1. How large is Rg over Rh for segment A:378-417, taking Rg from the Cα atoms and Rh as the Kirkwood inverse mean of 1/r across Cα pairs?
2. So what's the Cα pair-distance distribution over segment A:356-425, bin width 10 Å, in %?
3. Highest mean first, how do A:470-483, A:179-192, A:317-330, A:215-228 rank when packing is the count of other Cβ atoms within 10 Å averaged over residues?
4. Under the definition of Cα pairs under 8 Å and six or more residues apart, what whole-number percent is the relative contact order of segment B:62-208?
5. Once you have the alpha carbon radius of gyration of segment A:324-387, what is it after dividing by 2.2 N^0.38 Å, with N set to its residue count?
6. For segment A:495-537, list log₁₀ I(q)/I(0) at each q in 0.14, 0.23, 0.26 Å⁻¹, using the Debye formula over Cα point scatterers of equal strength and ignoring solvent, two decimals each.
7. Once you average over the residues of B:56-68, how many Cβ atoms of partner chains fall within 10 Å of each Cβ?
8. Determine, for each peptide in A:534-546, B:66-78, the mean count of other beta carbons within 10 angstrom over its residues, then list the peptides with the highest first.
Amino acid sequence: MPQMISKLILGFWVMVWSAALSAGTLTAELDRTEGPIEEPFVLTITIEGNAASALDLPKIENLQFYQRGSSQQHSIMNGKISKRQIFTILVQAEKPGVFTIPSLKMEIDGKPESSLPLTLRVGTGGSAPSQTNPKTGDPGEAGVDDSTQGSSGDLENQQVQAFKNLEKTGGVFVIRQCSPTSVYVGQQIICNVRIYHPGNFNSGQKVPENSPEFRRFMPEGEKRFNQVINGRRFGVIEVTEIFVPLKDGEKVLPSFTLDAQVVSWEHRKNPLDKFFDRFGGGAFDFDFSFPDTKVIRLTHPENKTEIKPLPKAGQPPQFKGIVGTFDLSASINKTQVVAGDTVTITLSLSGKGVLDTALEPQLGLDPSIKQYADKPEYREKIDRTAGVESQKTFKIALVPSKQGNYVIGQVAVPIFDPQSGQYRVLSHDLGTLVVTPGQAEEKLYALGKVAEPSKQAVKEQGKDLFGPHEIALLGGSHTLGLKAIQAMAAVSLMGLASPLLALVWMGRRRRKEGDIAGSRRSAAHRHFKAKTKTALLHLEGGRCEEGLSLLYRGFKEFLGDLANTQGAAMTLKEIEEFLKQRSFPEETLKKLVHLLEKIERVEFSGQTPDKEVALRWLQELETLAHGVAS
Amino acid sequence: MKKLLLIGMHAVWTLLLGLQGSRDVLAQSQTEILVSALEAQDKGDDPKAIELYEKVIKEGLVNGHLYYNLGISYFKTQKIGEAMAAFLAAKRYLPRDPDVKANLKFVQSKIADKLEPSLASSIWKRLSVFVDWFTKKELIIACFVTLMLVSSITFIGLVMPRVEVLGRYGWFGFILPILLGGLVLIKEFQDPRWGAIKFQDGAKVYSGPGETHTLLYTLQVGAPVYLTGAERQSYLPIEISDGKKGWVLAAQVAYFGEGKRDR
């Protein structure tokens, strides 16, 4: 029971203290306090609790801070969430000297917190020895010992060598395998770099290293897998590097050096341990292990490679240093062109190898064809297994200035194929460029000032044409001459005029005939008038019977003259018919016939009418005769 | 006086004989050239044949068979444009000749542009079916003959009362020569203006006379073109069978036919 009470009291106190412990802390640590100028220091700043503001690093003359990463952890303790932030900062001095990083101040969980000031000594290059880590005692720069570096390519040997230094590197090591180990200048070497780690590899910064003897390519991406070596399980990160040697000889490939952040877990002394011990702390089994990040410079055994020079034997004279396995394609956008127009030749080299420095192939063309090279298009693909594959496309504009047939022929690009170890000449036949005259020349042809050249584009020989026509057919003209047309026009006019003339003639003739009839009619009328005068004298003299008889005969003779017949023999019926034919008005005709009947009755009956009546009849007949005559 | 009259008559007679003689010499010279041209053609010397045929053409002889033979030689020397123009000219004067039709069709099959030597206009096309069957010379003669016939009939009808009916209805017969005259006019305006592109790389057709105008389209060698007007600034206005119009450099067009200088 008393133990029970004591534990309850202890629990109460723990709760009270845990509340006190929830107040934030700010710590700053350097990986070492002394070092050469070329090796940056690593400053680790740890913030426990909720900071009110962002981390603000002080500005110190000749000292640069580079933040390289941060991590954040959350933990729940007694129902409360605690937060922990760790910042990793590289500190690089610009010149040797002693520098002091002042106390950092932040407000954490509502209370001002500060870190201790730190002093670091920076020596000249190589003067400051590599210092032991003030915290862990591990060397700051670790790696495989130079003395243990093996020859390139032997994976197992490298692994054995690396295992000897595992303690120094926190279990992390780097191995690089390259193939082939004997290459020609310009041939690709593909290296696989494997970073082995037991799960504590946080991040890495590759240290740049250039060499004038190699070109270096790094494909994107990485491969991650696990591997068990000597019973230990390692995570493996594999990246690839590709080297293209520029000079021959026995060479060492530029190394792959990595500043790796390696996490180590350490058991820190807890400030509450004494308190817990005093109160029988064994009952509270707290594990206060905290992660710690170290930056370790990792490298691998050097890779020695034999770089062979390109053979002199069999080297084509136009060889311009293109090494790889390539194909050539070539095309021309048109094979017939008018002088002055542009033709474009496209040459494309593509395949395995690096072509960015490849020069434009030379075309052995006629000097009258001007050449204008376009900016080449270059594409590059870096593959982890195939290496560098590239394509370079040259576009050359040709402008022929004169007409003619120009043989472009074979476009040749000599290359060295490292696979076969021999030179090859890639070629493509572009055929013949037919240049026809430009418009200016064409005008000259039209004017006959320049002889038009014979053309050869059409290969037909006219086999399917029908043959020429014989000489007998060629002589006569198939067109009408001007004179013939004039003659035909004249005859046509005459032909057209003849019926018209006939019409005119007919008209005149009819008019003439009409005139004859009219004159005859006038004469008959005049004759009738004369008889009428005589008849009038008889009537006025009282000789009515004689007068009417003379008038009757005179009228019949008048009608006989008009009808071109014997008028005296005409009966009344015949007179009526004749006048009907002459379209004499019917009413008037009836009057006339009636009058003639009355006169005829007097002549044949002997009944003499009055003088007055006889004179009226004479007057009426005279009027009717005038109507017939007109 | 009698002597003077005789001397004058003799002089006129001599002059007429001289003119006739010179004409005969000229005809004889043309015949010799044509014989040589045919011989050259038989031997396969087509450039020589072309030279001789063109010489005769320049002297003014218009003959469909001559253009036909010229077209064969042009084709054999791979001048498709000139061959097309020559066969088109031959067709103009020998519209019913099967050899001309066959060779024209053959050359047409060799050109890149599938164009016909006829306009897209439906009226022209319908009329041309009939018009194309005859030459202009034939139509003129037919027009002349029918005119004379109808005139004579009408005249007789007017003059002779016994056949008065001919005079009365003969006037309607004049419709026939008038129609034929219309066909002659159609032939005059439509037929003789067909040429062909002779430029081997094809001719650029612009919207106006000159390169400063918009480039409309390009005609390939041998394409038949209808010349719609007179040359202006070295360019010819053309129309093609699908109705497109434009201007092409005159030097790129081959044309043969009466009334215009061979290009």
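What follows is calculated from the coordinates using simple rules that are stated; it is not laboratory data. These numbers were taken from a predicted model, which means no experiment stands behind them. Don't worry about glycine lacking a Cβ; one is built from the backbone with ideal geometry, like all the others, and counts go over all protein chains shown.
1. Ratio of gyration radius to Kirkwood radius for segment A:378-417: 1.20.
2. The calculated distribution, bin by bin, is 15, 37, 29, 14, 5, 0.
3. A:179-192, A:317-330, A:470-483, A:215-228
4. 25 percent
5. Dividing the Cα radius of gyration by 2.2 N^0.38 Å gives 1.42.
6. Taken in order of the listed q values, log10 I(q)/I(0) reads -0.51, -0.75, -0.82.
7. 4
8. B:66-78, A:534-546
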